[in-house]
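Since the structure comes first, as structure tokens, the remarks are kept for the end.
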Amino acid sequence: MGKRLLPVILDGYKPLREIVFESMREAILSGILEPGERLMEIQLAEEMGVSRTPVREAIRKLELENFVVMIPRKGAYVAGVSLKDVADVFEIRSALEGLAAGLAAERITEDELEQMEQALFFRVSEVEMDLEQIVKSDTDFHALVYRASRNERLIQILENLREQIQRFRATSLAVPGRNKLAIEEHRMIVEALRSHNSEEAQSLAISHIVTAENVMFETLSLKNEPDKVDQ
């Protein structure tokens, strides 16, 4: 493993097994636990400061949610990502985020535009942000666009896609140079929103997602198998 998992923080309102599950899922989504990586119960338990039981339960739950695959006589591994997975998710995402940006251009408030500008300024000024912070900043920006659409059903659908999007977002933003380009793409989207140009905002949002998809394809294609990666 690369970066180690942090010890879990107990929450009086949540069972330990749920806290461990959420911690491991977040580690997979952020890329700390990488596709194809074997999940060793003892090592994970030591890193999180818990017994093996909640780790074992978390792995089983992660398997049910397709974050983990169990290989007979070998153990548990972080599930890989297929090129078809990427294509399917980004196809949906480009359509929905384009719609959200187009609606946001018509309905966004000055306060929301200011929040977006501040988010971009913070992301540019914090040159030493680690991947987790970059992913959070990127996620927050997109959430602002969703909210500005004022379409609750659309927001809910995008939120339901969040976990699948997050996994790809971490992979894409880890590519050298991608964060800087993404910031510029976000800046162009904000300009279109500020001018209330719905068509331009939608076009730029779709272009932004397509570029991220291309980065994902290039990254995954560098790995061994053309159809399935790290499984």
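The values are calculated or read from the model by the stated rules, or taken from the named source; none is laboratory data. In this text the structure is predicted, and so the values were computed from the model without any measurement. Cβ atoms come from the backbone with ideal geometry, glycine included; neighbour counts cover every protein chain shown. These accessible areas exclude ligands, DNA and RNA; they are computed on the full protein's heavy atoms, side chains included. Shrake-Rupley method; radii C 1.70, N 1.55, O 1.52, S 1.80 Å.
Farthest toward the positive end of the dipole of segment 5-88, out of 5, 23, 58, is the Cα of 58, where the dipole comes from beta carbon charges about the Cα centre. Grab the Cα-Cα distance for residue 129 and residue 203, subtract it from 0.36 nm times how many residues apart they are, and report the gain in nm with one decimal. Taking residue 129 through residue 203 to full extension adds about 23.8 nm, to one decimal.
Rounded to the nearest 20, the Cβ-based charge dipole of segment 86-161 about its Cα centre (Lys and Arg +1, Asp and Glu -1) stands at 320 debye. Taking the longest Cα principal axis of the chain as reference, the axis of helix 16-29 is set at about 60 degrees. Positive-end ranking of 121, 197, 86 along the dipole of the chain, with charges on Cβ about the Cα centre, is headed by 86. Label zone (residue 34, point 7 Å along Cα-to-C-beta; backbone nitrogen cut-off 20 Å) within segment 156-198: 166-179. Each Lys and Arg Cβ is given +1 and each Asp and Glu Cβ -1; about its Cα centre, the chain then shows a dipole of about 900 debye. Between 90, 122, 21, which gets the highest mean-square fluctuation from a Gaussian network model of the chain, Cα cutoff 10 Å? Judging by the Gaussian network model, the answer is 122. Its Cα centre serving as origin, segment 1-85 has a Cβ charge dipole (Lys and Arg +1, Asp and Glu -1) of approximately 280 debye.
Across the accessible surface of the chain, with the other protein chains kept in place and a 1.4 Å probe, carbon and sulfur atoms take up 52 percent. Under the rule of -39500 (n - 2.57) per DSSP H run of 4 or more residues, summed and divided by the residues of the chain, what mean residue ellipticity at 222 nm is obtained, to the nearest 500 deg cm²/dmol? After summing the helix terms and dividing by the residues of the chain, the value is -22500 deg cm²/dmol.
Length gained on full extension, residue 88 to residue 43, computed as 0.36 nm times the residue gap minus the Cα-Cα distance: 12.8 nm.
Longest stretch of the chain clear of exposed loop sites (GluC sites (Glu not before Pro), DSSP loop, at most 13 other Cβ atoms within 10 Å, sites excluded): 129-231.
Averaged per residue, segment 34-161 has 53 square angstrom of accessible surface, using a 1.4 angstrom probe with ligands and nucleic acids left out. If I take every Cα pair under 8 Å that is 6 or more residues apart in segment 111-175, average their sequence separation and divide by the length, what percent do I get for the relative contact order? The normalised contact order for segment 111-175 reaches 39 percent.
For the chain, the relative contact order is 26 percent, taking Cα pairs closer than 8 Å that sit 6 or more residues apart in sequence and dividing their mean separation by the residue count. Helix 162-173: angle to the longest alpha-carbon principal axis of the chain, degrees 0 to 90, nearest 10? On a 0 to 90 degree scale, this one is about 80. Between the helical axis of 110-125 and the longest alpha-carbon principal axis of the chain there is an angle of about 60 degrees. Please find, in a Gaussian network model of the chain (springs between Cα atoms separated by less than 10 Å), the residue of 27, 143, 170 whose mean-square fluctuation is greatest. The residue with the greatest mean-square fluctuation here is 143. Selection among 211, 39, 108 by position relative to the dipole of the chain gives 39 as farthest towards the positive end (Cβ unit charges, Cα centre).
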